[in-house]
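First comes the structure, then the notes that go with it.
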Amino acid sequence: MIHQIYPQVSHDFQYELNKDMQIAAAHFIPHEAAGKCAQMHGHTYFVNITVAGNELDDSGFLVNFQQLKKIVHGKFDHTLMNDHKDMFNNVNANDFPTTEVVARKIAEIVQAHLDTLPNRPTCVQVFVRESPTSYVVYRPKAGKQ
Ligand SMILES: [Zn+2]
């Protein structure tokens, strides 16, 4: 994204990788306080995932860029977020597909993948822009999602 400067996350890792992707998806927020957002509507989400670590794998990668795209973009692009029952529900606010929760869920998906890699990198930040004027930054706490 040329038009975007991302918030920086401080860490002590030697390598930091950032992967951008755009996700076209619909959602609705099942709560009366959401106003218009309680109705189904769509966004083109701009997502930036930051992964850091000190070790590279056998290919010289911290994590494969294509794999990151596959597990996040491949899951959500051209879908209704609310349909992902493994991620979101209409019961707990902590699991409504708000931008905040979408960012956290992406971090969880990414970290679950990173945990399978021999070099064990860490997802240190997920940035999700929902509209030209609104974005969220999620930073997992060390050792806790
Ligand atoms: Zn929305």
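The values are calculated or read from the model by the stated rules, or taken from the named source; none is laboratory data. Computed from a prediction, not measured in an experiment: that's the story for all the values here. As a convention, Cβ positions derive from the backbone with ideal geometry for all residues, glycine included, and neighbour counts pool all protein chains shown. When the accessible area is computed, the model is the full protein with side chains, heavy atoms only, and any ligands, DNA or RNA have been set aside. Shrake-Rupley method; radii C 1.70, N 1.55, O 1.52, S 1.80 Å.
By accessible area of protein heavy atoms, probe 1.4 Å, what ranking do 37, 123 get, highest first? Please report the intermediate quantities before stating the final value.
Working: 37 55, 123 0 Å².
Of 37, 123, the descending order of accessible area is 37, 123.
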Expressed as an acute angle from 0 to 90° and rounded to the nearest 10, what is the orientation of the C-alpha long axis of helix 99-114 relative to the principal long axis of the chain? 30 degrees
Using the Cα centre of the chain as the reference point, and only Cβ charges (+1 on K/R, -1 on D/E), how large is the resulting charge dipole? Debye, rounded to the nearest 20. 200 debye
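Please arrange 32, 16 by accessible surface area, largest first, computed with a 1.4 Å probe and ligands excluded.
On the way: 32 170, 16 85 Å².
My answer, sorted largest first, is 32, 16.
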Measure out, as a whole number of angstrom, how far apart the alpha-carbon centroids of the range 1-77 and the range 108-145 sit. 7 Å
Sequence neighbours fewer than 8 away in the same chain don't count; with that in mind, list the lysines whose C-alpha is under 18 Å from residue 19. 69, 70, 75, 105
Rounded percent of accessible protein surface that carbon and sulfur make up, the chain, 1.4 Å probe: 51 percent
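What's the Kirkwood radius of the chain in Å, using all Cα pairs?
15.8 Å
Using alpha-carbon pairs under 8 Å, 6+ residues apart, how would you state the relative contact order of the chain in percent? Please report the intermediate quantities before stating the final value.
Details: 249 pairs, mean separation 38.8, N = 145.
Over the chain, the number comes to 27 percent.
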Accessible area per residue, 1.4 Å probe, Å², for the range 98-145: what's the number? 48 Å²
If DNA, RNA and ligands are ignored and the probe is 1.4 Å, what is the ranking of 45, 6, 15 by accessible area, most exposed first? 15, 6, 45
What do you get when you divide the Cα radius of gyration of the range 12-93 by 2.2 N^0.38 Å, with N the number of residues? 1.40
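Based solely on its DSSP helices, what 222 nm [θ] is calculated for the chain when runs of n ≥ 4 H residues each add -39,500 (n - 2.57) and the sum is averaged over all residues, nearest 500 deg cm²/dmol? If you can, show how the numbers build up before the last one.
Values: 2 runs with 28 residues, N = 145.
Value at 222 nm, helices only: -6000 deg cm²/dmol.
Which of the GluC sites (Glu not before Pro) found in the range 41-145 are in a DSSP loop and have at most 14 neighbouring Cβ atoms, other than their own, within 10 Å?
55
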Assuming 0.36 nm per residue, please report the length gained on full extension of the stretch residue 39 to residue 10 beyond their Cα-Cα distance. 6.7 nm
